[in-house]
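Here the structure comes first, spelled out in structure tokens, and everything after it is commentary.
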Amino acid sequence: MTWFACEERLVETSTYQHKHIENVVNSHISATACYRIQHSTRRVYLECVFLQTRTTVDFSPMTTIFRIETARTCGSIPTPAQFAAMEADFSEKLSLMNSSDSNAAYNIKYDSSPVSDRDNVIADQIKALNVASKNLNIQWTLAGTYRQLNRDWFLNVRQNNAKDTAMKKALRKGGVAELNVYTVKLTAQSLGYATFPYEYKANPKGDGVVVNYASVPKGSLTHYNLGHTLVHEAGHWIGLYHTFQGTDASGNQDGCVPPGDEVDDTPYQFDATDGCISRDSCPLQPGTDPIHNFMDYSYDVCMYEFTRGQGKRASEQLRAYRKL
């Protein structure tokens, strides 16, 4: 099971700005659904949701303006308990597998169940998926397209709700190795969600990926219309976590804490990237944030890589859970 969480943001500021930020937030606290601020000499940690929309502060000392943003969000965030269960099961399966096939190439069928996507858009989406997956040794092939005129599903499907269950139960095709993709009108703050390979055994009909229909190539979502939302969600479907995976001892988001995303060559990352801004959010860990990785939350134009380590993990996950 996964869920949507309050958005979190780590911001580098000067000491001079601290009081200003507190004043700005406090002046809007009545309209803020959740809020936390902590600061040290050089760092302010701000968390807020404003009218159920991602909210950030203009940190200039001369202004006190809130601005509303549409940011990439994904529902595929396991709890610490779920993460531990998935990794324990994976370790057990991995110990029983022969490692000689770890560099095998995979051809995975892709079933599309869109409401209104044109064929050329679907072709562009598969092309984007295959270009992104080269370093994973994965080739995706369209197995079929199925259009459903169901206004209720299109408007009201959300992660783990009854509409989502009904849609997937009625439409899902193929077995454990076939990716089913559903395009619906999610909220402006949600680009998609996916199931992990581990979850298939308990709920085969629920297996698949749901993406915001406006996130496909040439879609209407600014910054998120090159098709990389499906690349990101397909990454979860083959067993990859976010590059900022992790929590501290209290269960709060902290991707600087080992083991992170369980991949050796993706640097640790405290939390998700907004936009395409280089940073080092885990200064005590080697490397800078992998903002160009498909498993971050960067703008589509900023995303262009999977690592060899992610390819190795995906290969092992596909063999362990998807019988490939």
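The values are calculated or read from the model by the stated rules, or taken from the named source; none is laboratory data. Just so we're clear, the structure is a prediction, and the values are computed from it rather than from any experiment. The area values use the complete protein model at the heavy-atom level, side chains included, leaving out ligands, DNA and RNA. Shrake-Rupley method; radii C 1.70, N 1.55, O 1.52, S 1.80 Å.
Could you tell me whether region 117-246 comes out rounded, prolate or oblate from its Cα gyration tensor? Rule is a ≥ b ≥ c as square roots of the eigenvalues, rounded for a/c under 1.5, then prolate if a/b exceeds b/c, otherwise oblate. Note, shape of region 117-246 comes out rounded. Heavy-atom accessible surface of region 197-324, averaged per residue, reaches 39 Å², computed with a 1.4 Å probe. Multiplying the residue separation of Tyr304 and Asn135 by 0.36 nm and removing their Cα-Cα distance gives an extension gain of 59.8 nm.
Computed from phi, the 3J(HN,Hα) profile of region 284-289 under the Karplus parametrisation 6.51, -1.76, 1.60 (θ = phi - 60°) reads 8, 10, x, x, 9, 4 Hz, with x in place of Gly and Pro. Taking all protein chains together, Asp280, Asp119 sort by accessible area into Asp119, Asp280, largest first [probe 1.4 Å]. Taking amide H as placed 1.01 Å from N in the peptide plane, Ser298 has its amide H under 5 Å from the amide H of Thr273, each at least 5 places away in sequence or on another chain. Legend: residue pairs Lys205/Lys323; Lys127/Lys173; Lys127/Lys169, Cα-Cα distance threshold 24 Å; pairs beyond threshold, Lys127/Lys169.
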